[in-house]
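Heads up, the thing below is written out as structure tokens.
The values are calculated or read from the model by the stated rules, or taken from the named source; none is laboratory data. Because the structure is a prediction, the values reported are computed rather than measured. Here the Cβ is made from the backbone with ideal geometry for all residues, glycine too, and neighbour counts use every protein chain on show.
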Amino acid sequence: KKGNYDHFMQKEIHEQPHSLTTTMRGRLKDGAVLLGGLKEHLKTIRRSRRVVFIGCGTSYNAALAARTFVEELTGIPVTMEVASDLLDRQGPIYREDTAVFVSQSGETADTLLALDYALENGALCVGITNTVGSTLSRRTHCGIHINAGCEIGVASTKAYTSQIVVMAMMALAIGSDQISTQARREAIISGLFSLPSNASQVLKLDSEMKELASSLIDSESLLVFGRGYNYATALEGALKVKEVALMHSEGMFAGEMKHGPLALVDENLPIIVIATRDACFSKQQSVIQQLLSRKGRLIIMCSKGDASAVNPRGSCRVIEVPKVADCLQPVINIIPLQLLAYHLTVLRGFDVDQPRNLAKSVTTQ
Ligand code: UD1
Ligand code: BG6
Ligand code: NA
């Protein structure tokens with residue numbers, strides 16, 4: 001079932017123009033968002049005091065990517081919970097909360113235990129899952145199936161991008177009663193329509209990412225700096241490299257660079273800086289300057305046409321990606337990093353679809 005591909009992870013990365021299309025199918029009509037699974041609960045969600053996102057691994061990162069636009073479009077504060085940490089702390093969950101559980105499989109033990117806990121505390125519990133009939137889908141009050149198609153590779157790829165798109169549609173639906181954000185919502189909806197073709201465009205970087213991977217094959221570590229909408233991209237890119245390529249990698253807040261990570265910078269440690277166009281662009285330009293003045297070995301991801309704006313001395317490797325609506329940019333930016341992790345794994349000779357010590361679905365605590 002891998003078709004022309006060598007591995008499921010590779011197939012699933014390249015499937016994204018299609019999986020993004022099926023995620024949106026039937027849900028965007030005449031400039032409005034229709035989510036059958038949420039329709040009857042939108043009023044309750046709008047009245048909630050807080051949205052709490054809960055998940056593990058890549059699903060947590062997808063929720064983190066969505067956090068900013070959910071706050072922006074709904075006006076409701078969003079807090080983030082790693083499922084196991086919520087349980088460890090027995091953190092506060094209230095009746096006035098909307099708890100949103102994100103899980104590809106819908107069977108992750110920590111996430112399901114956090115769901116039991118939130119149900120006991122009286123929160124409205126919403127599921128976002130790829131698996132119809134899963135425990136998460138059955139036990140939540142309501143939710144949205146991401147409809148990305150079956151994902152087999154242990155490292156989640158197409159489910160990540162579809163989860164972000166579902167959360168964007170969810171934010172649009174919750175915020176649809178707000179007049180002040182109407183133009184913004186329309187811009188995001190047209191951005192959603194353009195995602196599949198932009199995903200096809202960015203997949204053309206495949207051979208460039210393979211070449212980049214071959215230059216990193218012997219590195220011991222890889223840092224990824226992001227901020228704003230793309231902090232989650234940094235975490236998720238690093239998670240992909242860790243889990244499949246078995247290379248140490250950390251995603252970090254670029255804004256925290258001076259508070260520790262800068263000490264690591266030298267001419268050997270590869271650092272990916274995500275500097276695509278958004279409100280944080282000029283801040284990322286100065287991060288790049290500071291890293292270069294410490295002789296940092298940089299790989300810069302920027303919007304198409306911005307190569308000279310981010311790399312004035314021409315000394316860095318640049319990855320140019322198509323520009324989409326700022327809050328949807330994480331959907332595009334993760335794709336080159338998925339390709340990089342994939343090629344790095346193959347070149348290092350490790351098992352892509354079944355990484356050492358990991359399981360697709362962790363059903364024990
Ligand atoms: C539904 C149908 C879809 C059909 C469409 C036509 C299913 C699974 N989906 O899609 O085949 O084409 O109507 O209008 O039959 N839910 C949860 N928790 C979750 C996820 C979902 O409780 O984690 C619930 C939803 O609240 C909803 C139901 O499951 O009641 C189906 O959700 P979803 O598939 O997202 O709904 P539609 O997109 O309307
Ligand atoms: C496991 C997988 O750790 O569970 C990850 O290896 C995944 O890829 C995580 O992100 C969470 O899984 P799910 O199914 O709850 O999204
Ligand atoms: Na349900």
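Tabulated results
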| read-out | value |
| --- | --- |
| Residue satisfying all of: in the range 251-265; under 18 Å from residue 221 (Cα atoms) and assigned to a helix (DSSP H, G or I); nearest to the chain's Cα centre (by Cα) among these | 254 |
| Qualifying residue in the range 164-177 (condition: under 18 Å from residue 73 (Cβ atoms) and surrounded by fewer than 18 Cβ atoms within 10 Å (Cβ to Cβ)) | yes |
| Qualifying residue in the range 238-250 (condition: within 25 Å of residue 281 (Cα to Cα), under 20 Å from the mean Cα position of the chain (by Cα), surrounded by fewer than 18 Cβ atoms within 10 Å (Cβ to Cβ) and free of Cβ contacts under 8 Å to residues at least 40 places away in the same chain) | yes |
| Residue that is surrounded by the most Cβ atoms within 10 Å (Cβ to Cβ), among those in the range 113-136 that are under 30 Å from residue 1 (Cα atoms) and more than 18 Å from the chain's Cα centre (by Cα) | 136 |
| Members of the range 209-239 that are assigned to a helix (DSSP H, G or I), of a type outside the set (Phe, Trp, Tyr) and in contact with a Cys (Cβ under 9 Å, 6 or more places away or on another chain) | 228, 230 |
| Test result for residue 71, in contact (Cβ under 8 Å) with a residue 60 or more places away in the chain, more than 13 Å from ligand 2 (Cβ to nearest atom), assigned to a helix (DSSP H, G or I) and more than 30 Å from residue 209 (Cβ to Cβ) | no |
| Number of the exception - residue 37 against (1) within 16 Å of ligand 2 (Cβ to nearest atom); (2) in a loop (DSSP other than H, G, I, E, B); (3) under 14 Å from residue 167 (Cα atoms) | (1) |
| Residue count, the range 87-111 (criterion: near ligand 2 (Cβ under 9 Å from one of its atoms) and of a type in the set (D, E, K, R)) | 2 |
| The one condition in (1) small (Gly, Ala, Ser); (2) closer than 19 Å to residue 346 by Cα; (3) within 18 Å of the chain's Cα centre (by Cα) that residue 214 fails to fulfil | (3) |
| Residue count for the range 137-160, restricted to those that are of a type in the set (Gly, Ala, Ser), within 17 Å of the chain's Cα centre (by Cα) and more than 10 Å from ligand 2 (Cβ to nearest atom) | 1 |
| Residues of the range 96-109 satisfying the condition of being surrounded by 23 or more Cβ atoms within 10 Å (Cβ to Cβ), in contact with a helix residue (DSSP H, G or I) (Cβ under 6 Å, 6 or more places away or on another chain) and of a type outside the set (Gly, Ala, Ser) | 98, 101, 102, 104 |
| Selected residue (only one of 151, 186 is over 21 Å from residue 17 (Cβ atoms), more than 16 Å from ligand 3 (Cβ to nearest atom) and touching a residue at least 12 places away in the same chain (Cβ under 8 Å)) | 186 |
| Subset tally (residues that are more than 21 Å from residue 94 (Cβ to Cβ) and either within 10 Å of ligand 3 (Cβ to nearest atom) or among the aliphatic types (A, V, I, L, M) (or both)) for the range 107-128 | 1 |
| Neighbours by Cβ (under 9 Å, 6+ apart or cross-chain): first from the range 257-271, under 11 Å from residue 294 (Cα atoms); second in a strand (DSSP E or B) | 264/221; 264/223; 264/271; 265/223; 265/271; 265/297; 266/297; 267/297 |
| Unmet requirement for residue 79, which otherwise passes all of (1) assigned to a strand (DSSP E or B); (2) within 16 Å of ligand 2 (Cβ to nearest atom); (3) surrounded by fewer than 18 Cβ atoms within 10 Å (Cβ to Cβ); (4) not basic (Lys, Arg) | (2) |
| Output for the range 118-136, where each listed residue is touching a helix residue (DSSP H, G or I) at 6+ places or on another chain (Cβ under 7 Å) and within 16 Å of ligand 2 (Cβ to nearest atom) | 125, 127, 128, 129, 130, 131, 135, 136 |
| Residue satisfying condition, being farther than 15 Å from residue 209 by Cβ, aliphatic (A, V, I, L, M) and at pLDDT 95 or above, within set 335, 271 | 271 |
| Verdict on residue 94 being in contact with an Asp or Glu (Cβ under 9 Å, 6 or more places away or on another chain), aromatic (Phe, Trp, Tyr) and more than 16 Å from ligand 3 (Cβ to nearest atom) | no |
